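Down below is the structure, laid out as C-alpha coordinates.
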(Lines give C-alpha, C1' and ligand atoms only; values in the text may rest on other atoms or scores of the structure.)
Protein backbone atom coordinates (compact mmCIF):
# COMPACT_ATOMS: atom_id res chain seq x y z
CA UNK A 1 0.00 0.00 0.00
CA UNK A 2 1.47 3.34 -1.10
CA UNK A 3 1.01 6.50 0.96
CA UNK A 4 1.83 9.96 -0.31
CA UNK A 5 1.49 12.09 2.81
CA UNK A 6 2.13 11.05 6.43
CA UNK A 7 1.02 12.79 9.62
CA UNK A 8 2.63 12.05 12.98
CA UNK A 9 0.79 12.62 16.25
CA UNK A 10 2.09 11.91 19.76
CA UNK A 11 1.04 11.56 23.37
CA UNK A 12 1.97 14.38 25.75
CA UNK A 13 4.74 12.61 27.63
CA UNK A 14 8.43 13.28 27.00
CA UNK A 15 9.35 10.07 25.18
CA UNK A 16 6.54 10.44 22.65
CA UNK A 17 7.22 14.13 22.10
CA UNK A 18 10.92 13.44 21.56
CA UNK A 19 10.08 10.76 18.98
CA UNK A 20 7.67 13.16 17.28
CA UNK A 21 10.48 15.68 16.92
CA UNK A 22 12.83 13.06 15.45
CA UNK A 23 10.30 11.76 12.92
CA UNK A 24 9.22 15.27 11.90
CA UNK A 25 12.83 16.13 11.04
CA UNK A 26 13.55 12.81 9.35
CA UNK A 27 10.48 12.56 7.10
CA UNK A 28 8.24 14.92 5.15
CA UNK A 29 5.11 15.11 7.29
CA UNK A 30 1.75 16.86 6.94
CA UNK A 31 -1.10 17.90 9.19
CA UNK A 32 -3.52 15.03 9.97
CA UNK A 33 -6.30 16.66 7.95
CA UNK A 34 -4.03 16.67 4.86
CA UNK A 35 -2.45 13.21 5.22
CA UNK A 36 -3.52 9.83 3.89
CA UNK A 37 -2.02 7.90 6.83
CA UNK A 38 -1.40 8.79 10.48
CA UNK A 39 1.43 7.50 12.66
CA UNK A 40 0.48 7.58 16.36
CA UNK A 41 3.22 7.60 19.01
CA UNK A 42 2.26 6.52 22.52
CA UNK A 43 0.52 3.64 24.25
CA UNK A 44 -2.79 1.85 23.78
CA UNK A 45 -4.71 4.68 25.44
CA UNK A 46 -3.32 7.19 22.97
CA UNK A 47 -4.07 4.84 20.08
CA UNK A 48 -7.72 4.64 21.16
CA UNK A 49 -7.82 8.43 21.48
CA UNK A 50 -6.40 8.82 17.96
CA UNK A 51 -8.83 6.30 16.49
CA UNK A 52 -11.76 8.17 18.05
CA UNK A 53 -10.42 11.56 16.96
CA UNK A 54 -10.18 10.58 13.29
CA UNK A 55 -13.04 8.08 13.34
CA UNK A 56 -15.02 9.51 10.45
CA UNK A 57 -12.07 10.30 8.18
CA UNK A 58 -11.52 6.64 7.37
CA UNK A 59 -7.77 7.21 7.46
CA UNK A 60 -5.43 4.28 8.31
CA UNK A 61 -3.51 4.61 11.58
CA UNK A 62 -0.15 2.98 12.31
CA UNK A 63 0.78 3.04 15.99
CA UNK A 64 4.29 2.82 17.42
CA UNK A 65 4.60 1.92 21.08
CA UNK A 66 6.03 4.47 23.48
CA UNK A 67 3.72 3.53 26.32
CA UNK A 68 3.45 0.56 28.66
CA UNK A 69 1.53 -2.40 27.17
CA UNK A 70 1.26 -1.41 23.52
CA UNK A 71 -1.05 -4.26 22.48
CA UNK A 72 -2.52 -2.12 19.70
CA UNK A 73 0.86 -0.74 18.69
CA UNK A 74 3.85 -1.70 16.57
CA UNK A 75 7.44 -1.63 17.84
CA UNK A 76 8.95 1.85 17.83
CA UNK A 77 11.73 2.39 15.28
CA UNK A 78 12.34 5.66 13.48
CA UNK A 79 14.14 3.97 10.56
CA UNK A 80 12.52 2.85 7.27
CA UNK A 81 9.11 4.24 8.24
CA UNK A 82 7.80 4.57 4.68
CA UNK A 83 8.82 0.99 3.85
CA UNK A 84 7.06 -0.27 6.99
CA UNK A 85 3.89 1.58 6.07
CA UNK A 86 3.93 0.15 2.54
CA UNK A 87 4.37 -3.40 3.83
CA UNK A 88 1.90 -3.11 6.73
CA UNK A 89 -1.18 -5.29 6.95
CA UNK A 90 -4.57 -3.64 7.21
CA UNK A 91 -7.11 -4.53 9.90
CA UNK A 92 -10.68 -3.17 9.77
CA UNK A 93 -12.62 -2.90 13.02
CA UNK A 94 -16.25 -1.99 13.75
CA UNK A 95 -16.98 -0.30 17.09
CA UNK A 96 -19.84 -0.82 19.51
CA UNK A 97 -22.50 1.85 19.70
CA UNK A 98 -23.76 2.60 23.20
CA UNK A 99 -27.15 4.26 23.66
CA UNK A 100 -27.56 5.11 27.33
CA UNK A 101 -30.63 6.57 29.02
CA UNK A 102 -30.01 8.33 32.32
CA UNK A 103 -32.25 8.68 35.33
CA UNK A 104 -33.53 12.04 34.06
CA UNK A 105 -34.65 10.53 30.74
CA UNK A 106 -31.86 12.02 28.61
CA UNK A 107 -30.28 9.81 25.91
CA UNK A 108 -26.53 9.70 25.27
CA UNK A 109 -24.65 7.95 22.46
CA UNK A 110 -21.00 6.99 22.21
CA UNK A 111 -18.80 4.55 20.31
CA UNK A 112 -16.47 1.99 21.88
CA UNK A 113 -13.58 0.31 20.11
CA UNK A 114 -12.72 -1.88 23.11
CA UNK A 115 -15.79 -2.30 25.31
CA UNK A 116 -18.90 -0.84 26.88
CA UNK A 117 -18.97 -1.41 30.63
CA UNK A 118 -21.57 -0.78 33.32
CA UNK A 119 -20.15 -0.16 36.77
CA UNK A 120 -21.60 0.46 40.23
CA UNK A 121 -21.11 4.03 41.47
CA UNK A 122 -21.33 3.45 45.24
CA UNK A 123 -20.48 0.86 47.88
CA UNK A 124 -23.72 -0.98 47.02
CA UNK A 125 -23.54 -3.68 44.36
CA UNK A 126 -25.38 -3.08 41.12
CA UNK A 127 -28.49 -5.06 40.27
CA UNK A 128 -28.85 -5.52 36.52
CA UNK A 129 -31.29 -7.14 34.10
CA UNK A 130 -29.89 -8.39 30.79
CA UNK A 131 -31.77 -8.82 27.51
CA UNK A 132 -30.39 -10.11 24.21
CA UNK A 133 -32.38 -9.13 21.12
CA UNK A 134 -35.34 -8.27 23.33
CA UNK A 135 -35.42 -11.59 25.19
CA UNK A 136 -34.68 -11.52 28.92
CA UNK A 137 -31.68 -13.77 29.57
CA UNK A 138 -31.00 -12.74 33.17
CA UNK A 139 -33.69 -11.21 35.36
CA UNK A 140 -31.34 -10.05 38.09
CA UNK A 141 -27.58 -10.10 38.45
CA UNK A 142 -25.90 -8.73 41.57
CA UNK A 143 -22.39 -7.58 40.71
CA UNK A 144 -19.90 -4.75 40.46
CA UNK A 145 -20.83 -4.47 36.80
CA UNK A 146 -20.84 -6.09 33.39
CA UNK A 147 -19.19 -5.37 30.05
CA UNK A 148 -19.66 -6.08 26.36
CA UNK A 149 -16.37 -6.40 24.48
CA UNK A 150 -15.32 -6.43 20.84
CA UNK A 151 -12.72 -8.99 19.70
CA UNK A 152 -10.11 -6.20 19.56
CA UNK A 153 -10.95 -5.21 23.13
CA UNK A 154 -11.24 -8.75 24.46
CA UNK A 155 -7.60 -8.71 25.63
CA UNK A 156 -8.11 -5.51 27.67
CA UNK A 157 -10.59 -4.99 30.54
CA UNK A 158 -12.51 -8.06 29.41
CA UNK A 159 -9.64 -10.49 30.03
CA UNK A 160 -8.91 -8.81 33.39
CA UNK A 161 -12.49 -9.70 34.36
CA UNK A 162 -11.84 -13.33 33.30
CA UNK A 163 -13.67 -12.94 30.02
CA UNK A 164 -12.77 -14.93 26.87
CA UNK A 165 -10.24 -13.75 24.28
CA UNK A 166 -11.94 -13.58 20.87
CA UNK A 167 -10.22 -13.97 17.48
CA UNK A 168 -10.77 -10.95 15.23
CA UNK A 169 -12.51 -12.93 12.49
CA UNK A 170 -14.86 -14.77 14.87
CA UNK A 171 -17.71 -12.21 14.50
CA UNK A 172 -18.49 -12.52 18.19
CA UNK A 173 -18.92 -10.31 21.25
CA UNK A 174 -18.06 -11.17 24.84
CA UNK A 175 -20.59 -10.45 27.60
CA UNK A 176 -18.59 -10.62 30.83
CA UNK A 177 -19.67 -10.00 34.44
CA UNK A 178 -17.45 -8.00 36.77
CA UNK A 179 -17.15 -9.45 40.32
CA UNK A 180 -20.50 -11.22 40.12
CA UNK A 181 -22.15 -12.18 43.44
CA UNK A 182 -25.41 -13.70 42.14
CA UNK A 183 -25.66 -15.97 40.23
CA UNK A 184 -22.34 -17.15 41.67
CA UNK A 185 -21.27 -19.53 38.92
CA UNK A 186 -22.15 -17.36 35.91
CA UNK A 187 -19.03 -16.61 33.88
CA UNK A 188 -20.62 -14.67 31.03
CA UNK A 189 -21.62 -15.43 27.45
CA UNK A 190 -20.25 -15.35 23.92
CA UNK A 191 -22.73 -13.76 21.52
CA UNK A 192 -23.05 -13.28 17.75
CA UNK A 193 -21.83 -9.83 16.69
CA UNK A 194 -25.28 -9.07 15.21
CA UNK A 195 -27.16 -8.97 18.53
CA UNK A 196 -28.36 -6.01 20.55
CA UNK A 197 -27.67 -6.28 24.28
CA UNK A 198 -29.93 -4.25 26.57
CA UNK A 199 -29.00 -3.82 30.21
CA UNK A 200 -31.36 -2.27 32.75
CA UNK A 201 -30.20 -0.93 36.11
CA UNK A 202 -32.62 -2.12 38.77
CA UNK A 203 -33.26 0.29 41.66
CA UNK A 204 -31.06 3.00 40.07
CA UNK A 205 -31.77 5.58 42.77
CA UNK A 206 -30.51 3.27 45.52
CA UNK A 207 -27.91 1.44 43.41
CA UNK A 208 -26.64 3.95 40.84
CA UNK A 209 -24.74 2.70 37.81
CA UNK A 210 -22.50 4.41 35.27
CA UNK A 211 -21.94 3.35 31.65
CA UNK A 212 -18.56 3.74 29.98
CA UNK A 213 -17.81 3.44 26.25
CA UNK A 214 -13.99 3.50 26.07
CA UNK A 215 -13.31 6.95 27.60
CA UNK A 216 -16.88 8.32 27.56
CA UNK A 217 -18.73 7.92 30.87
CA UNK A 218 -22.42 8.51 31.49
CA UNK A 219 -23.50 8.58 35.14
CA UNK A 220 -26.76 7.40 36.70
CA UNK A 221 -28.00 5.28 33.80
CA UNK A 222 -31.23 3.30 33.87
CA UNK A 223 -30.90 1.51 30.52
CA UNK A 224 -28.07 0.87 28.08
CA UNK A 225 -28.41 -0.61 24.58
CA UNK A 226 -25.28 -1.94 22.90
CA UNK A 227 -24.78 -3.15 19.33
CA UNK A 228 -21.99 -3.34 16.77
CA UNK A 229 -22.16 -0.42 14.35
CA UNK A 230 -21.29 -1.84 10.93
CA UNK A 231 -21.69 1.61 9.37
CA UNK A 232 -18.51 2.78 11.07
CA UNK A 233 -15.15 1.26 10.10
CA UNK A 234 -11.74 1.90 11.61
CA UNK A 235 -8.53 0.98 9.82
CA UNK A 236 -5.35 0.03 11.67
CA UNK A 237 -1.98 -0.94 10.20
CA UNK A 238 0.38 -3.56 11.64
CA UNK A 239 3.78 -4.91 10.74
CA UNK A 240 3.20 -8.32 9.04
CA UNK A 241 5.09 -10.28 11.71
CA UNK A 242 3.19 -8.56 14.55
CA UNK A 243 -0.35 -8.25 13.19
CA UNK A 244 -3.29 -7.97 15.57
CA UNK A 245 -4.73 -11.40 14.76
CA UNK A 246 -1.42 -13.06 15.69
CA UNK A 247 -1.24 -11.05 18.92
CA UNK A 248 -4.73 -12.12 19.96
CA UNK A 249 -3.90 -15.80 19.34
CA UNK A 250 -0.55 -15.47 21.13
CA UNK A 251 -2.19 -13.81 24.13
CA UNK A 252 -4.21 -16.97 24.77
CA UNK A 253 -1.05 -18.98 25.39
CA UNK A 254 0.72 -16.52 27.68
CA UNK A 255 1.09 -17.51 31.32
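Filter the strands (runs of 3 or more DSSP E) completely within region 209-250 down to those with at least 1 residues that are surrounded by fewer than 17 Cβ atoms within 10 Å (Cβ to Cβ) and at pLDDT 95 or above.
Numbers: elements: 209-213, 216-218, 221-228, 234-238.
The strands (runs of 3 or more DSSP E) meeting that bar are 216-218.
Can you pull out the residues in region 112-128 that are in contact with a strand residue (DSSP E or B) (Cβ under 6 Å, 6 or more places away or on another chain) and within 20 Å of residue 213 (Cβ to Cβ)?
Kept after step one, since they are in contact with a strand residue (DSSP E or B) (Cβ under 6 Å, 6 or more places away or on another chain), are these residues of region 112-128: 112, 115-121, 125-128.
112, 115, 116, 117, 118, 119, 120, 121, 126, 128, listed by residue number.
Of everything in region 122-181, what is touching a helix residue (DSSP H, G or I) at 6+ places or on another chain (Cβ under 7 Å) and part of a strand (DSSP E or B)? Give them in sequence order.
Of everything in region 122-181, those that are touching a helix residue (DSSP H, G or I) at 6+ places or on another chain (Cβ under 7 Å) and part of a strand (DSSP E or B) turn out to be 147, 149, 174, 176.
Would you check if residue 160 is surrounded by 13 or more Cβ atoms within 10 Å (Cβ to Cβ), under 21 Å from residue 217 (Cα atoms) and at pLDDT below 95? Write out each step before concluding.
Details: surrounded by 13 or more Cβ atoms within 10 Å (Cβ to Cβ): no; under 21 Å from residue 217 (Cα atoms): yes; at pLDDT below 95: yes.
Criteria not met by residue 160.
Can you tell me which residue among 177, 192, 151 is free of Cβ contacts under 8 Å to residues at least 40 places away in the same chain, out of contact with any strand residue (DSSP E or B) (no Cβ under 6 Å at 6 or more places or on another chain) and under 19 Å from residue 98 (Cβ atoms)? Quick ask: steps written out before the conclusion?
Numbers: 177 fails: out of contact with any strand residue (DSSP E or B) (no Cβ under 6 Å at 6 or more places or on another chain); 151 fails: free of Cβ contacts under 8 Å to residues at least 40 places away in the same chain.
Only one candidate qualifies: 192.
For the condition farther than 19 Å from residue 76 by Cα, out of contact with any helix residue (DSSP H, G or I) (no Cβ under 6 Å at 6 or more places or on another chain) and in the same structural domain as residue 72 (by TED's automatic domain parsing), what is the one hit in 22, 57? Full working, then the answer.
On the way: 22 fails: farther than 19 Å from residue 76 by Cα.
57 is the lone residue from the list that is farther than 19 Å from residue 76 by Cα, out of contact with any helix residue (DSSP H, G or I) (no Cβ under 6 Å at 6 or more places or on another chain) and in the same structural domain as residue 72 (by TED's automatic domain parsing).
The values are calculated or read from the model by the stated rules, or taken from the named source; none is laboratory data. Everything numeric in this text was worked out from a predicted model, so none of it was measured. With ideal geometry, Cβ positions are generated from the backbone for all residues, glycine too; neighbour counts draw on all protein chains shown.
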